[in-house]
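The values are calculated or read from the model by the stated rules, or taken from the named source; none is laboratory data. These numbers come from a predicted model, not from an experiment. Positions of Cβ are generated from backbone atoms using ideal geometry, with glycine treated the same way; all protein chains shown enter the neighbour counts. Please note that ligands, DNA and RNA were not included when accessible areas were found on the heavy atoms of the full protein model with its side chains. Shrake-Rupley method; radii C 1.70, N 1.55, O 1.52, S 1.80 Å.
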Amino acid sequence: MDEKRKDQEQAEAPTQEQSTSKASEETLDVEALDLTIETVEDRINPSETNVFDK
Amino acid sequence: MSFPITLAFVPQGHFTQPYLALPCLKAWLQEAGFADVEQRDLSIEAYDHFLSPDYLRRAKERVRERLPLNAFEGRKSLPLGELRAFRSAAESEVSADAVIADVEGAKAIMRGEDFYDVDRYVPAVRTLYHGLRLVSAAHYPSELTPHNFTMGYANDRSEEVLAATLDEDQNPFIEFYREKVLPGLLARKPRLFGLSVVYGSQLIPALTLGRMVKEALPDCHVTAGGGFLAYIGEKLMGATGVEECLDSMIFHEGEAPMGELAEALRAWDEAGQADLSAIGSLTWFKHTDVGCETVANAPAHPVALNAAPPPDFDGLPFDLYFAPEVVLPYDINRGCYYGECSFCTLPTVIGPGYRTRSAETIASHLTDLRDRHGVRHFSFITDCMPPGMIRDLPEALIEAQSGIPAEERMKWWCDARIEPRAYTKEGAKRLHESGCRKLLFGFESATPRLLKLMRKAQSPRSVSEVARNCSEAGISVTLYAMVGFPSETAEEARATLDFIREHKDVVREVSLQTFHIDEVALTYRDPEQFNIKILDGAGTDLQLYHDYLSEQGMTQQEAAEMFDEMMNALRADLPIFSGDNIYYFMQKSHYFLHLARGTTPDEFVAQCQQRTEAHQAREAAGLLRANASRTSATLPFSHVAAANTLAHPLARAARPDFLTGRFVADAQAVAEEQLEPLPPQECVLVYDEVGHEFVELSRDGLRVLEAIERAGNVDNLLQSLNSTNPGARTRLTEYITQLHRKGLITSFQPATAVPSSFTEPHELTSL
Ligand code: SF4
């Protein structure tokens, strides 16, 4: 479950030809995708506001 | 005869600049004839040590052993009590390598010219925060942040505090002291060792070190003092077992007692006997044949501040602080000239009486400190600036720097009280001219009824006038505001918020705090006046803060919820609070350093606004590709849901609070009962290694990123889509916009050999 992956840095953009052929390797069924995306906002906790104390 | 003294500011204090206590003591002791005084800021030394690749590498391994992520697999639900462990394990898993790789760079950004580049600053601050989360996870359930250190032990029970000093599994400072502090002390052999404890967060680290020093150097006298001990010191010195960590404690102002203690110990060394009973404000352990007795001496006389030497910062590691220029603290006065506010206990900390240095003395000390240390910036440590000083100090500072171009003159910030007669248009202009760039005013509330109960002797109208005058003069205005004062209603709290919003053109920051009752304040001593009933914690022999029941207005719980409502509104309305600009507010002096460099508050606010807007304006347009510098892990529960539940006021109450580290009675049980356990939810936690942010996606989201990667860029992917459904395209385009805003997709420059169709940005939204 907790598989971890590190993606490789792309050195530069591939050409259109290479990439469209690669893209078709796996087709995305866009209608069926679960497209949720969330981040945890950097919050100020009442326990962390005391930044101007002495 | 040599008499080495070592003074230590123990962890945890904030990491941007030194604190004032040790430099004042060092200067005093040296003037009293003790030439060999060493001072160490162990708080910044510890932060620097923990936030290093080697340490973090070890922390990462420890997290894997102590909080393995696969332990959460297959679970039917995750209760509140395990959410922090889960969150820590998940975050460490995806962020550790990137944090280890970037932590030295992040510190260098904080300490150098890149600090002023916001696009470098924000990821660097995040790297430091995430490094501390890794350190915390390695010592779970302990938590070290830039503003706090808490353990699984309650700070208001001496038994727990003392047990925490021996728990190496959870107390990261034991190893730190053993490796980084004790060897130097063993070589130096101080005869007197002083611990400075300003905050509750320092209590356990101080006693931990006291214990270790007493064991390693039995002849060294270990004493402690500082703001936090002014509140709970008496109780602490009465608790069994503390004599293993300390020999004595100094109350309130430390200079005179410390000098006399050093004299007495030196006499002891020379004559074989010493009398500690005549030292003012000292409480000490008298060891007799039958045991150990606590002796509390009479209070010392306050020092004549104007005759006291300027603080001596020699020996502090200026290059370690997380700021490009060190802002030095300087005490212009001690005590509060007003001293009437019913909630306030600040005047208690330093001891009785109000004393001030003269404007000429201040100006001459500051120019000396400037020349000696090559610094230009100061934060004046004062409960608030008195009106006479507001008038005289600018003249003295301008006079002392005549002939120096305005931009090279010293700049400063400090706390202040609303004094409309002093902060006139002309007065504010003079203050700005003398280098004042930021003032923090005690505003507290916009409701006259509450201001009267608080005995603030100020009106909202005067706040408005003072804020406007200062802001027009170019001084940034911060307001301290309070939510949950006894009897305050939700409407009254919202009136405070409305007032701030109406003044957002002149109020740049707000330090909002929830109301606490501590044992020194009038609210505790005379609760009937405020219609409240104070609750006592069972078995809490070091209790300082108390829960209470109020017959009118919001409950403590409602006030905690109101805090969130107000904070969310401030995040939406104040540019410095918007998005990740909030980091400037959260790191002491960081925003001020921009002001000191010549950026006006208006310019800074405009930059923050532009940045937030530019972020929001990112679309799925232009040459975009997946940000390949990312690490991801599939999780059995939602990281975001865990973080949100942990941020709920009920869950927050179950954690030790800022000043005391105490657990509110029954809070954990109440929170467990009311906050639903998390259901399993497979998701992917991604760490963006460029922006240093956590983003949570579904598995499909990761597939989209991979598809963009295979396609080479976003355009290619969209062109290759088989779907002819325009709704599907729009949906994907909107998602890609979101990925772009979260930093998982970035724009790029085409490589030179790219076909011509790629040199023109393609507007995806028109597909
Ligand atoms: S709140 Fe400020 S003005 Fe009031 S007593 Fe405390 S330090 Fe003085």
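Determine whether B:Glu45 is more than 21 Å from the chain's Cα centre (by Cα) and modelled with pLDDT of 95 or more. Against the criterion (more than 21 Å from the chain's Cα centre (by Cα) and modelled with pLDDT of 95 or more), B:Glu45 does not qualify.
With respect to the conditions (1) in contact with a strand residue (DSSP E or B) (Cβ under 9 Å, 6 or more places away or on another chain); (2) modelled with pLDDT under 95, B:Pro387 falls short on a single one, namely (1). Cβ separations smaller than 7 Å between residues 6+ apart or across chains give the following pairs from the stretch B:338-355 residues that are within 10 Å of B:His252 (Cβ to Cβ) and within 14 Å of chain A (Cβ to nearest Cβ) to residues that are in a helix (DSSP H, G or I) and more than 6 Å from the ligand (Cβ to nearest atom): B:Thr348/B:Ala230; B:Val349/B:Gly227; B:Val349/B:Ala230.
Among B:Leu512, B:Leu479, which is within 14 Å of chain A (Cβ to nearest Cβ), outside any loop (DSSP other than H, G, I, E, B) and free of Cβ contacts under 8 Å to residues at least 40 places away in the same chain? Break it down stepwise before answering.
Numbers: B:Leu512 fails: free of Cβ contacts under 8 Å to residues at least 40 places away in the same chain.
One residue alone meets the criteria, B:Leu479.
The condition of being modelled with pLDDT of 95 or more, in the same structural domain as B:Met554 (by TED's automatic domain parsing) and either farther than 22 Å from B:Met389 by Cα or out of contact with any Gly (no Cβ under 6 Å at 6 or more places or on another chain) (or both) holds for only one of B:Lys411, B:Lys429, that being B:Lys429. If you go through the stretch B:421-479 and keep only what is away from the ligand (no atom under 16 Å from the Cβ), open to solvent by 20 Å² or more (accessible area, probe 1.4 Å) and among the charged types (D, E, K, R), you end up with B:Lys425, B:Glu426, B:Lys429, B:Arg430, B:Glu433, B:Arg437, B:Arg449, B:Arg461, B:Glu465, B:Arg468, B:Glu472. When the stretch B:685-704 is limited to residues that are more than 9 Å from every other protein chain (Cβ to nearest Cβ) and not in a loop (DSSP other than H, G, I, E, B), the one that is nearest to B:Phe637 (Cα to Cα) turns out to be B:Leu685. The set of residues from the stretch B:391-414 being open to solvent by 10 Å² or more (accessible area, probe 1.4 Å) and either within 16 Å of the ligand (Cβ to nearest atom) or within 14 Å of chain A (Cβ to nearest Cβ) (or both) comprises just one member, B:Trp413. One residue alone among B:Val670, B:Val684 is free of Cβ contacts under 8 Å to residues at least 60 places away in the same chain and open to solvent by less than 20 Å² (accessible area, probe 1.4 Å), and that residue is B:Val684. The single condition from (1) among the small types (Gly, Ala, Ser); (2) open to solvent by 30 Å² or more (accessible area, probe 1.4 Å); (3) within 16 Å of the ligand (Cβ to nearest atom) that B:Ala278 fails is (3).
Scanning for something modelled with pLDDT of 95 or more, under 27 Å from B:Lys425 (Cβ atoms), within 16 Å of the ligand (Cβ to nearest atom) and in a helix (DSSP H, G or I), does the stretch B:497-507 turn up at least one residue? No, because not a single residue in the stretch B:497-507 is modelled with pLDDT of 95 or more, under 27 Å from B:Lys425 (Cβ atoms), within 16 Å of the ligand (Cβ to nearest atom) and in a helix (DSSP H, G or I).
Go through the stretch B:290-339 and give me each residue that's touching a Pro at 6+ places or on another chain (Cβ under 8 Å) and within 16 Å of the ligand (Cβ to nearest atom). Selection gives B:Asp331, B:Asn333, B:Arg334, B:Gly335, B:Cys336, B:Tyr337, B:Gly339. Among the residues of the stretch B:109-154, those that are over 18 Å from the mean Cα position of the chain (by Cα) and not in a helix (DSSP H, G or I) comprise B:Gly112, B:Asp117, B:His139, B:Tyr140, B:Pro141, B:Gly152, B:Tyr153, B:Ala154. I'd like to know if the stretch B:356-376 contains one or more residues that are within 16 Å of the ligand (Cβ to nearest atom) and outside the structural domain of B:Glu38 (by TED's automatic domain parsing). The answer is yes; a qualifying residue exists.
Can you confirm whether the stretch B:589-605 contains a residue that is within 13 Å of another protein chain (Cβ to nearest Cβ), in a helix (DSSP H, G or I) and either surrounded by fewer than 20 Cβ atoms within 10 Å (Cβ to Cβ) or touching a Cys at 6+ places or on another chain (Cβ under 7 Å) (or both)? Outline the logic, then answer.
Here is the first cut: in the stretch B:589-605, the residues within 13 Å of another protein chain (Cβ to nearest Cβ) are B:589-592.
With the extra rule that they be in a helix (DSSP H, G or I), the set shrinks to B:590-592.
Restricting the remaining residues to those that are either surrounded by fewer than 20 Cβ atoms within 10 Å (Cβ to Cβ) or touching a Cys at 6+ places or on another chain (Cβ under 7 Å) (or both) gives none.
For the stretch B:589-605, residues within 13 Å of another protein chain (Cβ to nearest Cβ), in a helix (DSSP H, G or I) and either surrounded by fewer than 20 Cβ atoms within 10 Å (Cβ to Cβ) or touching a Cys at 6+ places or on another chain (Cβ under 7 Å) (or both): absent.
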